[in-house]
1. When N is the residue count of the protein assembly as shown, what does its C-alpha Rg come to as a fraction of 2.2 N^0.38 Å?
2. Give the order of A:ILE79, B:ILE19 when sorted by the count of other beta carbons within 10 angstrom, beginning with the fewest.
3. Going by how many other beta carbons lie within 10 Å of each one, how would you line up A:ARG43, B:ARG68, fewest first?
4. Based on the alpha carbons, how large is the Rg to Rh ratio for chain B when Rh follows Kirkwood?
5. Cα-based count: Lys pairs in the protein assembly as shown below 14 Å, eight or more positions apart or different chains?
6. On full extension of the chain, what length is gained from A:LYS112 through A:ASP31, given 0.36 nm per residue of separation minus the C-alpha to C-alpha distance?
7. Could you work out how far the C-alpha centroid of segment B:83-111 sits from that of segment A:48-113, in angstrom?
8. Short version: ³J(HN,Hα) in whole Hz for each residue of segment A:98-109, in order, from phi by Karplus 6.51 cos²θ - 1.76 cosθ + 1.60 (θ = phi - 60°), x for Gly and Pro, what are they?
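Bear in mind that the values in this text are calculations on the coordinates, not laboratory data. All figures in this text were calculated on a predicted structure; none of them were measured in a lab. Virtual Cβ from ideal backbone geometry, glycine too; neighbours counted across all protein chains shown.
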Amino acid sequence: AQTVTQSQPEMSVQEAETVTLSCTYDTSESDYYLFWYKQPPSRQMILVIRQEAYKQQNATENRFSVNFQKAAKSFSLKISDSQLGDAAMYFCAYVDYGGKLIFGQGTELSVKP
Amino acid sequence: EADIYQTPRYLVIGTGKKITLECSQTMGHDKMYWYQQDPGMELHLIHYSYGVNSTEKGDLSSESTVSRIRTEHFPLTLESARPSHTSQYLCAAGQGADEQYFGPGTRLTVT
């Protein structure tokens, strides 16, 4: 069975600094998608970034980038130039070709001014 | 990008009542999902649908039921609410094995 593990329940970063959130997963599939979702307090879950497993190039979206290590089954999220609005719960997620999302436990990120 | 709507956003209801949580999407995505999420915790899939007249139970056992009579509508029903059902319920829609788009959620409290 596929599993997703986020080993950092909480992280903190100073405004304008860089922070990396960790995620590991387990699967026997060769083709799949990985995502990072952001869930601000009492607000909607939104997609931050996605990675297709067959692409070796790491995905980047503005200040957000990933370090995808397929062999190690690792998928970390780097947030550069952190802003107050980045404070949220971040979920790593895996989806197989059936379309079912499996989420990690979440990492709560706080940003200090 | 899909627009996903959920109503009500907040609901406080007494034990034993029957409730239906509404979810609708406007982009015609075949796949729809219901997740249950306790505060600050991970999401658990409780139901999903791959199209009209298709419904499946998810990984987390749930006493709720769902129906999919129209592509855009995926309601979730609790026949007899209990305090253990207190949680947030998130609806999502997607196409293929790609990203899912989430609704704003319904926060349910059963007293």
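1. Cα-based Rg divided by the globular estimate yields 1.02.
2. Arranged by neighbour count, lowest to highest, A:ILE79, B:ILE19 become B:ILE19, A:ILE79.
3. Least to most surrounded, the residues fall as A:ARG43, B:ARG68.
4. Reported Rg/Rh, Kirkwood definition of Rh: 0.94.
5. 6
6. Stretched fully, the A:LYS112-A:ASP31 segment lengthens by 25.3 nm.
7. So the two Cα centres are separated by 20 Å.
8. So the Karplus estimates, Gly and Pro as x, are x, x, 8, 8, 10, 9, x, 6, x, 10, 8, 9 Hz.
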